[in-house]
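Trainee: Before I ask anything, here is the structure I am working with.
The values are calculated or read from the model by the stated rules, or taken from the named source; none is laboratory data. Bear in mind that the values here come from a model prediction, so they are computed numbers and not experimental data. Note that we place each Cβ from the backbone using ideal geometry, even for glycine, and neighbour counts take in every protein chain shown. Accessible surface is based on the protein model in full, side chains and every heavy atom, while ligands, DNA and RNA are left aside. Shrake-Rupley method; radii C 1.70, N 1.55, O 1.52, S 1.80 Å.
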Amino acid sequence: MRVLILGGVAAGTKVAAKLKRLDFDTEVTILTKDPDISYAGCGLPYYVGDVITDRAQIIVNTPEKFSALTGAKVLTGREAIALDPKGKTVTARNLTSGQEESYSYDACVISTGASSLVPPVEGAALPGVFTMRTPTDADKLKGYVTGGQVKSAVVAGGGFIGLEVAENLRRQGLEVTVIDMAPQIMPGFDPELAAFAARHLEAQGIHVSLGTKMEKLVGTHKVEGVQTDKGLLKSDAVMLSLGIRPNTAFLKDTGLTFAKNGAILVDPTLRTNLPDVYAVGDCAVVSHRLTGQSAWAPMGSSANMEGRVLAEVLADKDSSFPGVLGTAVVQLPGMNAARTGLNEAAARAAGYDVETVVAVNDDKAHYYPGASNFITKLIVDKKTDKLLGVQVLGPGAVDKMVDIGVTALSLGATLRQLENMDLAYAPPFSTAIHPFVAAVNILRNKLDGYLESMTPAEYMENMGEGYTILDASQMPSIPNARFVDVAQVNGPLEGLDKEEPLLLICTKGKRGYLLQQRLKHFGYTNTKVLEGSLWLNEPPTKGK
């Protein structure tokens, strides 16, 4: 069998390598436009920031090395320009000679990836304007900012790549501003957690301007600033991180079925609607594990998994791809953020009966050096008790927390099945009750009616108006609010009516919950604990 793979990097090379291991007699040919067949695209921002100093480390395989290791044939400098599904041929342009070449196949794998979006704005072609998709992109940006003349940069786009580049430009000593037309950074996170992350970036010296439209890039011989609808941002360099577009334009007349963004629709075996034509990676739309709806997940992790499954399919194995959960993790200066599954808005839109909780818990034994906290949001379906989504912020191993969530979501676990998991514990690594389990327990308390709370999302919408604020922290922390030490509450509080709406705020939420239980015992009927309390939420400016 002749398998022709269009594109390399993650998905294409994974199909080739796995397929040759399964059946070495299969004739596998990769056509790739770029000279680098397999590179660590997710590591490029860290090469810019000199976290990775050796460029060779981001090149996973050269064409020669890959061919020798796998037995696949690799032809670089070939850009696929046409697919004839009836004749089972692909036409490619040889970028060295300029000649068109024809390649026949028994099975064709489209793994052409995606390219950075460059908006049609004035000045986009000026020197000093960059995108981040290939090692060459990283070389250009790194060379420009380390040349000694660049003091400031604007990153247009608050997605993961944009934020990673912003962090690494800041590491290089630049003054960095992130702008985005959206009302939040970190798409896929719920707004209250994204708002916390934006405040954190500001505290770390990275300016964030949201709801900001880029109108044009200004400069004469090189970029000198970004004109926005809010004014001019002077800048020596501009990084465009406005998303990506699937590289599928050359396929528009083939009869393939596309999603609205131009990605190719595939079934669980990665087959397209055309016979013997498959698609994987950033140019393909798969399904979401929870909803079954189409889902585009342009991630190196899913690309590799799709490639492995497709290799098994091509080798006549009984294999299929179960879909994605939208799992992602990002490193910010002094904080990490990760998510998986549905966020609250997506869960409600999918028709689930949603309940959520935001919990702040120790990330390891509080007395151990370097201990901090996780901010964890759990989303659950009240009807089935099944977990729907997890989002975690904190300086520690947020990936570990979210990976527990991935396991739970993949297996359809309920909260009851999660609340007594025998997870690893030792002071350097965790707490006696694991922080994930602790968050589950808090959500269980809320579902069972023991915890009556106000969510950070509700607090952001000013639903705390009309409540009397009680400061339940260990020490007075809220100006003009009444401080209440829960350890000293042994009866009704003087001056407070038992039906009066009371919002209990402490540092993280625990002492607020303890105070609520005490007040309930003494007949108070209208108390709410602010989830995440002062750790996550902006402090109130007045006591009521």
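Trainee: Dipole magnitude of the chain about its Cα centre, charges +1 at Lys/Arg Cβ and -1 at Asp/Glu Cβ only, in debye to the nearest 20?
Mentor: Dipole of the chain, to the nearest 20 debye: 260 debye.
Trainee: Please turn the phi angles of the range 405-422 into ³J(HN,Hα) values with the Karplus equation 6.51 cos²θ - 1.76 cosθ + 1.60 (θ = phi - 60°), one per residue in order, whole Hz, x for glycine and proline.
Mentor: 3J(HN,Hα) across the range 405-422, in whole Hz: x, 4, 4, 4, 5, 5, 9, x, 6, 9, 4, 4, 6, 9, 6, 10, 5, 8.
Trainee: Roughly how many nanometres apart are two label points built 7 Å out from the Cα toward the Cβ at residue 488 and residue 383?
Mentor: Label at residue 488, label at residue 383, 5.0 nm between them.
Trainee: Related question: In Å², what does the accessible area per residue of the chain work out to with a 1.4 Å probe?
Mentor: Solvent-accessible surface per residue comes out at 44 Å².
Trainee: Quick one: which of 11-18, 256-263 comes out on top by average Cβ neighbours within 10 Å, and what's the full order, highest first?
Mentor: 11-18, 256-263
Trainee: Can you sort 59, 375 by 1.4 Å-probe accessible area, starting with the largest?
Mentor: These residues rank, largest area first, as 59, 375.
Trainee: Quick check: Cα centre of the range 81-114 to Cα centre of the range 419-478, how many Å?
Mentor: 56
Trainee: Gain in length, residue 23 to residue 259, computed as 0.36 nm per residue apart minus the alpha-carbon separation, to one decimal in nm?
Mentor: Additional length available on full extension: 81.7 nm.
Trainee: Would you calculate the separation in nanometres between label points at residue 521 and residue 448, each defined as 7 Å from the Cα along the Cα-to-beta-carbon direction?
Mentor: The two pseudo-label positions are separated by 1.7 nm.
Trainee: What FRET efficiency do you get for residue 172 and residue 345 if R0 is 35 Å and r is their Cβ-Cβ distance, rounded to the nearest 0.05?
Mentor: Result of the calculation: an efficiency of 0.45.
Trainee: Would you please state which residues of the range 92-106 a label at residue 84 would reach in this model, taking the label point 7 Å out along Cα→Cβ and a backbone N cut-off of under 20 Å?
Mentor: From the range 92-106, the list is 92-95, 98-106.
Trainee: How large, in percent, is the carbon and sulfur part of the accessible surface of the range 445-544 at a probe radius of 1.4 Å?
Mentor: 50
Trainee: How high is the FRET efficiency from residue 372 to residue 276, r the C-beta distance, R0 51 Å, rounded to 0.05?
Mentor: 0.45
Trainee: Here are a few candidate values for volume of the Cα convex hull per residue in Å³: (i) 223; (ii) 190; (iii) 176. Which one was actually calculated from the structure I just gave you?
Mentor: (iii)
Trainee: So what are the ³J(HN,Hα) numbers for the range 233-246, from phi and the Karplus equation (6.51, -1.76, 1.60; θ = phi - 60°), rounded to whole Hz, Gly and Pro as x?
Mentor: Computed from phi, the couplings for the range 233-246 are 9, 6, 7, 8, 8, 10, 10, 8, 10, 9, x, 10, 10, x Hz.
Trainee: Turning to a different aspect of this structure: Pull out the extension gain between residue 462 and residue 94, defined as 0.36 nm times the separation in residues minus the alpha carbon to alpha carbon distance; nm, one decimal.
Mentor: Gain in length upon complete extension: 126.4 nm.
Trainee: Further question: Taking 0.36 nm per residue of sequence separation and subtracting the Cα-Cα distance, how much length would be gained by fully extending the chain between residue 54 and residue 410, in nm to one decimal?
Mentor: Length gained between residue 54 and residue 410: 124.4 nm.
Trainee: Could you please state how large a percent of the accessible area of the range 115-193 is carbon and sulfur, counting protein chains only and using a 1.4 Å probe?
Mentor: 57
Trainee: In nanometres, what is the gap between the two model label sites at residue 64 and residue 422, each 7 Å from Cα along Cα-to-Cβ?
Mentor: Output for this residue pair reads 5.4 nm.
Trainee: Straight-line reach from residue 65: which aspartates and glutamates have a Cα under 17 Å away, not including same-chain ones fewer than 8 places off?
Mentor: List returned: 34, 36.
Trainee: Using a 1.4 angstrom probe on heavy atoms only, work out the carbon and sulfur share of the accessible area of the range 388-438 in %.
Mentor: Carbon-and-sulfur percentage of accessible area, whole number: 59.
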